[in-house]
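This report refers to the structure that appears directly beneath it.
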Amino acid sequence: MFSPQKKGGTNLGRRDPLKDFAVTIITNGCHFSGKLYCKGSTRIGGKVEGEIISEGLLIVEEGAIINAEVRVEDIVIQGHFKGTLEATGKVELSSSCIFEGDINTSSLVVQKGAQFNGRTKMDGARLADRHTLSDASEAFNNQLIGASLHSTESLKANDANIRVPEINV
């Protein structure tokens, strides 16, 4: 009755594709304390304390309060965040964001008006964890850093000799 089998008793053995695109919502007025594990897109508008692990995009809405240790793929913070944040993808601090804590990511976007009080570690080696470069982006990066990469290699921040121009005021 509840098993994923056909009439003849054969097991379908397939994953439900809808579960891969699940949406988790914690609305304004909700309070969660403990360990929250999410897969797919997640929106938090309430208060969360403890630990958050998100496999997918996490959106912290304006007015939300997060006091947690957070591990995510990608995150957009519009509300108040206090704690540690580790992201394998992009971290975006929106103009309404108030962030207090530490960020460890390979990609950080801070919009004008965002308040950031803490430390940031930009770990370029995380790019290798996510994907390898496509042929188009490989050609672009070769022009910028003078490296010659093969399509099966990943670009790592420590491999590049990037020169930053000196600005005299």
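The values are calculated or read from the model by the stated rules, or taken from the named source; none is laboratory data. Here the structure is a predicted model, which means the values were calculated and not measured. FYI the Cβ positions are ideal-geometry reconstructions off the backbone, even for glycines, and counts take in every protein chain you see.
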### Query
Checking GLU49 against (1) under 15 Å from the mean Cα position of the chain (by Cα); (2) farther than 24 Å from VAL110 by Cβ; (3) buried (at least 16 other Cβ atoms within 10 Å of the Cβ), which test does it fail?
(1)
### Message
Which condition from (1) within 15 Å of the chain's Cα centre (by Cα); (2) surrounded by 14 or more Cβ atoms within 10 Å (Cβ to Cβ) is the one that TYR37 breaks?
### Response
(2)
### Query
Among the residues of the stretch 37-70, which ones are small (Gly, Ala, Ser) and in a strand (DSSP E or B)?
SER41, GLY50, SER54, GLY56, ALA68
### Message
Just to verify a result, which residue in the stretch 101-125, among those that are charged (D, E, K, R) and not in a strand (DSSP E or B), is modelled with the highest pLDDT?
### Response
LYS112
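Based on this model, can you work out whether THR24 counts as in contact with a strand residue (DSSP E or B) (Cβ under 7 Å, 6 or more places away or on another chain), surrounded by 18 or more Cβ atoms within 10 Å (Cβ to Cβ), in a strand (DSSP E or B) and at pLDDT below 95?
Spelling it out, it is not the case that THR24 is in contact with a strand residue (DSSP E or B) (Cβ under 7 Å, 6 or more places away or on another chain), surrounded by 18 or more Cβ atoms within 10 Å (Cβ to Cβ), in a strand (DSSP E or B) and at pLDDT below 95.
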